[in-house]
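Asker: One structure, as structure tokens, below. Some questions next.
The values are calculated or read from the model by the stated rules, or taken from the named source; none is laboratory data. It should be emphasised that the depicted structure is a prediction, and the values quoted were computed from it without experimental measurement. Don't worry about glycine lacking a Cβ; one is built from the backbone with ideal geometry, like all the others, and counts go over all protein chains shown. In case anyone asks, the SASA skips ligands and DNA or RNA and just uses the protein heavy atoms, side chains included. Shrake-Rupley method; radii C 1.70, N 1.55, O 1.52, S 1.80 Å.
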Amino acid sequence: MAQYHKHVLCFVLSTLAAAYGSMAMDYVVSNNAGNSIGAARFDKEIGAEYAKQTLSSAAEFIESLFQQNNNNNNADSKSVQKVSMIVENIDGVAFASNNNIHVSAGYIERYPGDIKKEITGVLYHEMAHLLQNDGMGEAPSGLIEGIADFVRMKAGYAAENWNPPCVGYDWCQGNEVTAHFLNYCDGIRNGFVADLNKKMKTGYSESYFSELLGKPVSQLWSDYKAMNMTN
């Protein structure tokens with residue numbers, strides 16, 4: 001009987017291990033920027049181990065924010081098994097593609113402030129791109145970028161040069177303009193961005209705002225902008 005229980009226990013433990021293994025992501029960080037100043041600054045002020053820890057923390061935070069229960073088998077979550085971050089000599093700041101996050105060594109070199117905090121925010125933004133839904137390619141890019149910056153903002157890593165709330169000409173302008181607007185919407189309905197992301201799994205429509213908040217997005221934007229007149 002003891003032997004039987006031992007086999008059952010081993011089976012249960014192996015099953016749990018397999019299940020949790022399928023949830024986990026692997027993280028690989030590579031510094032491919034050669035002898036550049038940005039490469040040296042990355043190694044000295046950030047480091048591969050910190051970057052890996054940040055990617056892992058970002059994934060957990062995003063899955064919680066999107067209400068995905070930190071489970072890649074969840075119907076609402078995207079299955080991502082491995083994420084690679086590459087520091088390289090590219091233009092711009094960073095971009096995400098095919099579960100890879102590419103970070104500019106030139107940006108790391110030129111950034112005048114706390115580069116560790118800045119790259120932490122960048123990684124939260126780019127990890128959001130890997131885990132968010134894009135409406136099957138139908139959602140506007142401004143909304144996609146806004147959601148990623150909403151994640152970065154909620155995590156406490158807003159960039160130092162961001163515009164304040166209520167600035168901007170359109171709700172779908174993107175980045176921090178849209179992030180602040182989404183934060184306003186999330187204040188109307190706690191979990192709005194998570195619900196919006198779930199809806200965007202199979203498509204996109206501006207009607208999602210009306211369905212979730214009871215007003216069209218144009219009215220919500222007008223209400224949001226009016227806050228600046230009253231404050």
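Asker: Report yes if some residue within region 64-78 is in contact (Cβ under 8 Å) with a residue 60 or more places away in the chain and assigned to a helix (DSSP H, G or I); otherwise report no.
Answerer: yes
Asker: When the residues of region 161-177 are filtered to those that are of a type outside the set (V, I, T) and in contact with a Gly (Cβ under 6 Å, 6 or more places away or on another chain), which remaining residue is surrounded by the fewest Cβ atoms within 10 Å (Cβ to Cβ)?
Answerer: Going residue by residue through region 161-177, those that are of a type outside the set (V, I, T) are 161-166, 168-176.
Then drop every residue that is not in contact with a Gly (Cβ under 6 Å, 6 or more places away or on another chain), which leaves 172-174.
Details: C172: 19, Q173: 17, G174: 20.
Step by step, filter region 161-177, then rank; the result is Q173.
Asker: Output yes when any residue across region 75-84 is crowded, with 18+ Cβ neighbours inside 10 Å, of a type outside the set (D, E) and modelled with pLDDT of 95 or more, and no when none is.
Answerer: Filtering region 75-84 for residues crowded, with 18+ Cβ neighbours inside 10 Å gives 77, 83.
In the following step, the residues that additionally are of a type outside the set (D, E) were identified as 77, 83.
Checking the rest, the ones that are also modelled with pLDDT of 95 or more come to 83.
For region 75-84, residues crowded, with 18+ Cβ neighbours inside 10 Å, of a type outside the set (D, E) and modelled with pLDDT of 95 or more: present.
Asker: How many residues does region 189-231 hold that are open to solvent by 50 Å² or more (accessible area, probe 1.4 Å) and within 19 Å of S64 (Cα to Cα)?
Answerer: Number of matching residues: 5.
Asker: If the Cβ limit is 8 Å and pairs must be 6+ apart or interchain, which residue in region 113-125 that is in contact (Cβ under 8 Å) with a residue 60 or more places away in the chain pairs with which residue that is of a type in the set (K, R) and open to solvent by 10 Å² or more (accessible area, probe 1.4 Å)?
Answerer: I115/R41; Y124/R152
Asker: If I go through region 162-198 residue by residue, how many of them are within 17 Å of D134 (Cβ to Cβ) and in a helix (DSSP H, G or I)?
Answerer: Just the residues of region 162-198 that are within 17 Å of D134 (Cβ to Cβ), to begin with: 172, 174-175, 178-179, 182, 193-198.
Keeping just the survivors that are in a helix (DSSP H, G or I) gives 175, 178-179, 182, 193-198.
Qualifying residue count for the region: 10.
To keep it simple, each residue is scored yes or no on (1) over 16 Å from Y27 (Cα atoms); (2) at pLDDT 95 or above.
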| position | (1), (2) |
| --- | --- |
| L55 | no, yes |
| L65 | yes, yes |
| Q68 | yes, no |
| I86 | no, yes |
| I108 | yes, yes |
| G121 | yes, yes |
| L130 | no, yes |
| N133 | yes, yes |
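Asker: Hey, another quick one. Would a scan of region 17-26 turn up a residue that is at pLDDT 95 or above and loosely packed, with under 14 Cβ neighbours inside 10 Å?
Answerer: Checked region 17-26: at least one residue is at pLDDT 95 or above and loosely packed, with under 14 Cβ neighbours inside 10 Å.
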